[in-house]
Amino acid sequence: YILFHRNFFPPHIVGGINLNFFPVGPIFRGSGAFFMRRTFKGNKVYATVFSTYLKILLREGYPLEFFIEGGRSRTGRLLLPRLGVVKYLVNAFQELSLPDLYFVPVYIGYDQVIEQAEYLSEIKGEKEKGNALFALLRSWRLIRENYGMIYLNFGSPVSLRNYLLPALAEN
């Protein structure tokens, strides 16, 4: 919404396959999301198709959004990065000989954790309960509550070409 109103193209969003459930999946897909499996191990065809799709999006100049931590941190603490999508993007950048590729760090935070009960259960090591659709319907009442402010910060863009220049100069 913010990007659109600032005349930026809304990005295509890489989402986990767990978000592709009715009715949320079709809404996300209509908003530019596409879904990926959590692991590609043992499935070379899936990895090749996913990699090719990212190359097409980059070649055509579409902006992409992905969560380097593989999801969101509900506490705001940094999680270890999951570098699979980054690896595919770097490979595509090199294979397509793109002039440059920029990574823009974005922070989205909020004053209060919306799913406090679920978060506490998760910390205790309890497994997720039930169907995602039923969880969404149960949490509908949570949407009407006031959770404070939402914070959106954009970091300085990082040029992949400039980042790789020392390595490229050695070769």
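The residues of the range 8-55 present an accessible area of 65 Å² per residue when probed at 1.4 Å with all protein chains retained. Classified by the C-alpha gyration tensor, the range 1-77 has an oblate form. Its axis ratio a/c, with a ≥ b ≥ c, is 1.5 or above, and a/b does not exceed b/c.
Filter the chymotrypsin sites (Phe, Trp or Tyr not before Pro) in the range 1-75 down to the DSSP loop ones having no more than 13 other Cβ atoms within 10 Å, then list what survives.
1, 8
For each pair in 44/87; 87/124; 41/87, compute the distance between the two Cα atoms and list the pairs where it is over 25 Å.
Cα-Cα > 25 Å for 87/124; rest within.
Here the range 47-104 is treated as an ellipsoid with the same Cα gyration tensor; its semi-axes, largest first and in whole Å, are 24, 12, 10.
The values are calculated or read from the model by the stated rules, or taken from the named source; none is laboratory data. Owing to the predicted nature of the structure, the values given are computational and were not obtained by experimental measurement. So basically every Cβ, Gly included, is an ideal-geometry build from the backbone, and we count neighbours across all protein chains shown. The area values use the complete protein model at the heavy-atom level, side chains included, leaving out ligands, DNA and RNA. Shrake-Rupley method; radii C 1.70, N 1.55, O 1.52, S 1.80 Å.
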